[in-house]
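Trainee: The structure is given below, and queries will be raised subsequently.
The values are calculated or read from the model by the stated rules, or taken from the named source; none is laboratory data. No experiment lies behind these values; they were computed from the predicted model shown. So basically every Cβ, Gly included, is an ideal-geometry build from the backbone, and we count neighbours across all protein chains shown. Side chains are part of the model used for accessible areas, which takes the heavy atoms of the whole protein and leaves out ligands, DNA and RNA. Shrake-Rupley method; radii C 1.70, N 1.55, O 1.52, S 1.80 Å.
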Amino acid sequence: MKKSFILVGIGALMLASCSGNSQKLADDSARIAELTAEYAEANSFNDSLMLLMGDIYTGLDSINMQEGLLYSMGSGESIDRRAEVRQNLANIKARLSANRALLDKMEAQLKASGNQNSVLSKTITQLKDRIAKQDEKIAQLESELTAAKGQIEQLNTQVAEGQEQVKAETEAKEAAQAATVAAENAANTVYYAIGTNKELKKNGLLEKKFLGQTKVLKGDFNESYFTKADKRSLSVIPTGSKKVKIWTNMPSDSYTIEENADKTKTIKISNPQQFWSMSPYLVIQVD
């Protein structure tokens, strides 16, 4: 009987021991699962932070690229090119704003978790500072874009004004040249008329006066009867007649009347300036 009691006691102790081990095992498993979840969450948090850090530094490279484009622009760059840089900066600014909001969220999660990780907190703070500096850089570039636009508009205005001034000066110069040419042409314009005595009288070039005196170009005469010419190029006047008389007072040593093979006469002017010095009109009578 005593032996049986001892066996029962031993069995009870063994059962109690097994029950305690099972509970400890369950507690350990729960703790392991909890730690595993915390590790996975922390690992995911770190991965997200690393990805965010990479995107922020990529944003810095993009800003530097736009800065290079801006500084390499000349005054003649197209409006579309400047607009492209401005739009790129706006896109980068929007991405930085989204990253800042994500950092705020991650910081709040870190504080709520009660995990006082100084490395993560410091990293988040540094990334916020990096975004703030990038925002300042974008603001500076936008300001320079605006200033460049103003300078280009000012240069365009100056160029337009300069072009107008050059145009006005060119027109004035051309007008002066045209006036000079017109004056020279007028000064060298001469007129000659060839006709019979009757034709010359009919057009008012000759007028018979008292005692048989004939006056030349003394009254109103028909100017359209004359042929207009330039004394600088007029050197030969064919008359088509065998008999020729010059009524106007032309210096005799400034021309000759030569006979052609068909016996008709031609007036050859040897000294134009002297020939036309007395009058720009030449009246020739033929019979």
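Trainee: Name the single residue that is most open to solvent (accessible area, probe 1.4 Å) among those in the range 230-281 being of a type in the set (Lys, Arg) and outside any loop (DSSP other than H, G, I, E, B).
Mentor: First, pick out the residues of the range 230-281 that are of a type in the set (Lys, Arg): 231-232, 242-243, 245, 263, 265, 268.
If we keep only those that are outside any loop (DSSP other than H, G, I, E, B) too, we end up with 245, 265, 268.
Details: Lys245: 98, Lys265: 43, Lys268: 81 Å².
The residue in question is Lys245.
Trainee: Does Val190 satisfy the criteria of being within 60 Å of the chain's Cα centre (by Cα), closer than 25 Å to Gln273 by Cβ and among the aliphatic types (A, V, I, L, M)?
Mentor: Working: within 60 Å of the chain's Cα centre (by Cα): yes; closer than 25 Å to Gln273 by Cβ: yes; among the aliphatic types (A, V, I, L, M): yes.
It is true that Val190 is within 60 Å of the chain's Cα centre (by Cα), closer than 25 Å to Gln273 by Cβ and among the aliphatic types (A, V, I, L, M).
Trainee: Say we look at the range 172-201 and pick out the residues that are of a type in the set (S, T, N, Q) and under 16 Å from Thr239 (Cβ atoms); which of these is surrounded by the fewest Cβ atoms within 10 Å (Cβ to Cβ)? Outline the logic, then answer.
Mentor: So in the range 172-201, the residues of a type in the set (S, T, N, Q) come out as 177, 180, 185, 188-189, 196-197.
Within this subset, residues satisfying the condition of being under 16 Å from Thr239 (Cβ atoms) are 196-197.
On the way: Thr196: 12, Asn197: 16.
Taking the candidates together, the pick is Thr196.
Trainee: In the range 202-226, which residues are of a type in the set (D, E, K, R) and either touching a His at 6+ places or on another chain (Cβ under 8 Å) or surrounded by 15 or more Cβ atoms within 10 Å (Cβ to Cβ) (or both)? Outline the logic, then answer.
Mentor: Filtering the range 202-226 down to residues of a type in the set (D, E, K, R) leaves 202, 207-209, 215, 218, 220, 223.
The answer is Glu207, and nothing else.
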